[in-house]
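Read the structure below first, then the notes.
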Ligand code: R5P
């Protein structure tokens, strides 16, 4: 069977039908594009979660009226607050409608950066949101979760099975094709191991820097070995760009060190507010990202590794 998409009404007409054991890919509207690519790769049916926003801001969530025993529920968790509530409504409803096993596919995992109380009294969002997600699903697939001080994904999201896909090799190979011989630069110490993995996959050199954050948009980046940037293209590589402050500070440092060109590649293109303008102003000539968050800079797709992870968790034949 090939991937298909039914409207909510068509899905509603399925009430009373019996289903075979084949799992479904069930997608929220904002995650439909990536979910479609996963469904196509796995030749699984693609079905819709529909969401209506009431005038007061509450959501009505509707699923197909009967579900197979296993589903992969695909939801974006950038801009997360309303989406987390919609996800909770969908996952609880999916159980009531017959889903025994829910694999949550969340390409970007939100609230992972606050992994400890930096000031007394602060909520440790990684732990709290992680427990919330674990209560909703049986397995989780995500991409480059921000776990710099947490060793394993299951420590953050205590779910029986969890897979973290890395986009670093995909991004680094893209950089190698677009800018052969570029130096990959990790803008902070936390990104070093991740950038190294990408560099090794793509056969590129890599370097490190140190970052000090003074506020949401105030960041200082100091290169560990500035001489390595001189006279060459430097590509900044990071798991997430939010305000763009980190990449902008790293770009200025690379320029000051004599880089002939500075580009940047990130997994999660949050790029809030004027982030892209801020990066252009800092001298970033080219921006690439993975398709975990839809953005004009999307240049590589994580559909293939996500589909492979979903196939394994759904125990599909050949996985
Ligand atoms: C932090 O460790 C992350 O890897 C990113 O460098 C950071 O979250 C990016 O945020 P912003 O774009 O706001 O500097």
Rounded to one decimal in nm, the spacing of the 7 Å Cα→Cβ label points at residue 281 and residue 152 is 4.5 nm
On a 0 to 90 degree scale, rounded to 10, what angle separates helix 245-256 from the longest Cα axis of the chain? 30 degrees
Between 0 and 90 degrees, rounded to the nearest ten: what's the tilt of helix 125-136 against the longest Cα principal axis of the chain? 30 degrees
Measure nothing fancy, just the Cα-based angle from helix 303-313's long axis to the longest principal axis of the chain, in degrees from 0 to 90, nearest 10. 50 degrees
Long-range share for the chain, i.e. C-alpha pairs more than 25 Å apart as a percent of all pairs, stands at 52 percent
Residues listed by number, segment 75-102, amide nitrogen under 18 Å from residue 114 label point at 7 Å toward C-beta: 77-85
Using the Cα atoms of segment 168-300 to build a convex hull, what is its mean projected area in square nanometres? 6.7 nm²
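Show that you can apply the helix-only estimate: for the chain, add -39,500 (n - 2.57) for every DSSP H stretch of four or more residues, divide by all residues, and state [θ] at 222 nm to the nearest 500.
Values: 10 runs with 101 residues, N = 319.
That calculation yields -9500 deg cm²/dmol at 222 nm.
Each reported figure results from applying straightforward, stated rules to the coordinates on display, with no laboratory input. Since this is a predicted model, take the numbers as computed values, not measurements. Because the Cβ atoms are built from the backbone with ideal geometry, glycine has one as well, and the counts that use them run over all protein chains shown.
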